[in-house]
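The values are calculated or read from the model by the stated rules, or taken from the named source; none is laboratory data. Please read these numbers as outputs of a predicted model, since none were measured by experiment. Here Cβ is always computed from backbone atoms with ideal geometry, including for glycine, and neighbour counts include all displayed protein chains.
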Amino acid sequence: MRIINISNGDRISTVWTDAFADSLRALGELQLEENGIALSDNEMTERVRAHDVAIVGWDARPLPASLAEDLGELRYVCCYSGTIRGLVPKSIIEAGVSVSNWGDHPANGVAEAAMALLLAVLKDLPKAVGVARSQKWGVRTKRRGSLAGTRVGIYGCGVIGRRFVELLQPFQSQIRIFDPYAESLPEGCERAASLEELVDDCEVLVIHAGLSNETTGSVRAEHFAQLPDDAVVINTARGAILDQEALFAELLSGRLRAGLDVLEPDYLPPDHPLLALDNCLLSFHQLDQLQWPPRPGLTPMQQICVDNVARFVSGETPEWLFDPDRYDRST
């Protein structure tokens, strides 16, 4: 069994640890190459098609679409991270190659990030921290609230959305969900027929949808306008799902509040006026990156990749496979 990974530039050392590489070598002949950005599509295709398994992820050189025309020995592409689009063309899946990613691995981290941002904004912590740092006492605010009884609207109910619901339910909030692809909803949740219906009756809007052609820019200015004064918007999904300038306008006016782990792009210039606000908490796509407490051996992300390659090598079906429909709906 021949396994290959070609990184775009230098390999990410925290991913490609000795333990990870050795675990893959135990399953087959592992070839690791760097500086794949210097390869032509033809050179990249020749290298990959000579192997049974290709490992891709954050640092990988994207697979050329031309690979689908002649797969050679390639039968399986294992993505050690989440996003497939941009790394694996849909045509490779349609050509019959099995393609998987890390599945539900980020669900806990992202759901916890959304909950952390929600509680921090709801309790007006950005303002409280600012007051404390100015060595003053007491925070004058009329917008500190509780999740108990609060109407929470959730856009997207995949593995991350469902995990967030599990975290939210003990707080006894009123939960409504809009996800046209979810066949069922968690117990105790009400279904909204449209995004308009979701925002029409919520005080907190939480984004858990995947970024796709359908969801890009789907939360627009008119949706923000439907939210009541001091409503909270939480986004740990992707910044491009929102009309970002429309949300920024609402935040700069002081009418809405937000906790945003993701933007489009994920960083703001140091002089951006949003950075001075106490009604907006920004974390720049960092909250789901979990390094503590340290554990020996493989990380969960690495273990999922190794286990899936092991399944393929033994003739079993890897977990978290993509079909064209899942590909279209995934970030």
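Observations on the structure shown:
- Screening residue 183 with (1) more than 17 Å from residue 233 (Cα to Cα); (2) in contact with a helix residue (DSSP H, G or I) (Cβ under 9 Å, 6 or more places away or on another chain) gives one miss only, at (2).
The rows are residues; the columns are (1) over 18 Å from the mean Cα position of the chain (by Cα); (2) within 24 Å of residue 105 (Cβ to Cβ).
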residue	(1), (2)
269	yes, no
275	yes, no
282	no, no
290	no, yes
295	yes, yes
303	yes, yes
314	yes, yes
317	yes, yes
324	yes, yes
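- When segment 67-90 is filtered for residues that are touching an Asp or Glu at 6+ places or on another chain (Cβ under 6 Å) and over 19 Å from residue 320 (Cβ atoms), only 73 remains.
- Any hit, segment 141-159, residues being β-branched (Val, Ile, Thr), under 27 Å from residue 82 (Cα atoms), crowded, with 20+ Cβ neighbours inside 10 Å and in contact with a Pro (Cβ under 7 Å, 6 or more places away or on another chain): no
- The set of residues in segment 112-147 that are in contact with a Phe, Trp or Tyr (Cβ under 6 Å, 6 or more places away or on another chain) and either free of Cβ contacts under 8 Å to residues at least 60 places away in the same chain or not in a helix (DSSP H, G or I) (or both) contains only 147.
- In the set 25, 61, only one residue is surrounded by 18 or more Cβ atoms within 10 Å (Cβ to Cβ), closer than 22 Å to residue 301 by Cβ and charged (D, E, K, R); that residue is 61.
- Just one of the listed residues (287, 274) is in a helix (DSSP H, G or I) and not assigned by TED's automatic domain parsing to the domain that holds residue 23, and it is 274.
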